[in-house]
1. If you average 1/r over every pair of different alpha-carbon atoms in region 219-288 and take one over that average, what Kirkwood value in Å do you get?
2. Rolling a 1.4 angstrom probe over the protein heavy atoms, how many square angstrom per residue are accessible across region 19-126?
3. What FRET efficiency do you get for Lys53 and Val304 if R0 is 45 Å and r is their Cβ-Cβ distance, rounded to the nearest 0.05?
4. Residue separation times 0.36 nm, minus the C-alpha to C-alpha distance between Glu207 and Gln94: what's the value?
5. I'd like to know which of Phe110, Gly136, Ile100 lies farthest towards the positive end of the charge dipole of region 65-137, counting +1 on Cβ of Lys and Arg and -1 on Cβ of Asp and Glu.
6. Label Ile270 and Leu324 with points 7 Å out from Cα along Cα→Cβ: what is the distance between them in nm?
7. Could you tell me which GluC sites (Glu not before Pro) in region 235-325 are loop residues by DSSP with no more than 11 other beta carbons within 10 angstrom of their beta carbon?
8. Which trypsin sites (Lys or Arg not before Pro) in region 187-254 sit in a loop by DSSP (not H, G, I, E or B) and have at most 14 other Cβ atoms within 10 Å of their own Cβ?
Amino acid sequence: MAIKIHGGKFLIAGGASLVGSHLVKGLLAKNASEVVVYDPVLFDANDSLGDLKKDPRVRLVSGDVMKLHQFIKHMDGIDGAINLAAYMSLGFSQNPWDAIDVNIKGHMNFLESARINKVGKVIFASSSAVYGFGIGGPITEDMPHKVSDNPPSAVAYGSSKIIGEQLCRMYKQNYNLDYLALRFSTVYGENQHHRAANALYIIDTYERLLRGEPAQLFGDGSESKDFVYVGDVARAILMGLESDATDDAMNISGGRSTPTKELVAMIAKIVGSDLEPEYIQEDGRVRLKSGAGLYYVNTKAFDVLGWKPEMSIEDGIRRLIKTLS
Ligand SMILES: NC(=O)c1ccc[n+]([C@@H]2O[C@H](COP(=O)([O-])OP(=O)(O)OC[C@H]3O[C@@H](n4cnc5c(N)ncnc54)[C@H](O)[C@@H]3O)[C@@H](O)[C@H]2O)c1
């Protein structure tokens, strides 16, 4: 089912997030009549929503995906709901108990609340973590999950997203709840937080260079990432809501491989640093390893939704860094 955003009502679980802040902005720009941000964060000066909270169409609910009764109540009258609430690999390593609860049981509560309230369509924030880590080359939607030689927290996180997608399929089969699962690659941009390992590397590198310390490259620097700008991700979610497509999963990625060596050179250029990077070996931190030439093929998202990324990595990194300084 396609959802009309103009005049529609939306709920974003985990909406005080990096992606949530850009999604709220996108929904308001398309004249949604109400956006419920359902998130347990204290809505204070430190959340990522900023002035968006002043818009009378934004309703802030200090909501917990684990409280089904509360969830059901706030999903009343909602046309489209988006589940962004999750713990990522770092969160999984720090607090696996809450991570399992939020990513799996919380997601089921999200689907159940949507079913009970006859929500027209839901979007699930899935992840390229469903393919595992340590892989290289082009990755398409039909590829299996690679478990071996990865941090257990990353495997657990990717597995929670696989389960999340399957719960969506189950609700479609059993109750005809329309859904799309969008598998984001590494998301970055304004309001960047410290909770995602890959984007954290950008912040760490920037801060090291500012302090006059050399950037650190693991191995020979050929490991590669596929970054997708958060504004492009929010646009994909809007297009997913507006599309008739259902019961499907697809990559939402930059579709371009960036070796960490190139990324570091890009950040150094922006900072104006000519310090040579230092090459280091594993030091025990939770890291999402990847092979050379990694990227997630995003042609399915174009075929199904008409979506493709628009932001260049250089411009996107500049935007991120501007909000750090
Ligand atoms: N950031 C990335 O690189 C990336 C990549 C792939 C997929 N994703 C997925 O996209 C989504 C959004 O990512 P993000 O980087 O914006 O996340 P984020 O870490 O900024 O936000 C997650 C939000 O979930 C909320 N949350 C935690 N526990 C909750 C609970 N019990 N009830 C309700 N809300 C709760 C948090 O308060 C937070 O605002 C997540 O599901 C993530 O797994 C992110």
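The values are calculated or read from the model by the stated rules, or taken from the named source; none is laboratory data. Everything numeric in this text was worked out from a predicted model, so none of it was measured. Please note: Cβ atoms are built from the backbone with ideal geometry, for glycine as well, and neighbour counts cover all protein chains shown. Areas reflect the complete protein model, heavy atoms only, side chains present, ligands, DNA and RNA absent. Shrake-Rupley method; radii C 1.70, N 1.55, O 1.52, S 1.80 Å.
1. On the way: mean 1/r = 0.0658 Å⁻¹.
By the Kirkwood definition, the hydrodynamic radius is 15.2 Å.
2. Working: 4750 Å² over 108 residues.
Accessible area per residue, region 19-126: 44 Å².
3. Details: r = 33 Å, r/R0 = 0.74.
For R0 = 45 Å, the calculated efficiency reads 0.85.
4. Details: separation 113, 0.36 × 113 = 40.68 nm, distance 2.32 nm.
That pair, Glu207 and Gln94, stretches by 38.4 nm at full extension.
5. Sorting the options by dipole projection puts first Phe110.
6. The modelled label-to-label distance comes out at 0.7 nm.
7. Numbers: sites: Glu242, Glu262, Glu278, Glu282, Glu310, Glu314; in loops: Glu282, Glu310.
Passing sites in region 235-325 are Glu282, Glu310.
8. Details: sites: Arg195, Arg208, Arg211, Lys225, Arg235; in loops: Arg195, Arg211.
For trypsin sites (Lys or Arg not before Pro) across region 187-254 that sit outside H, G, I, E and B with at most 14 neighbouring Cβ atoms in 10 Å, the list reads Arg211.
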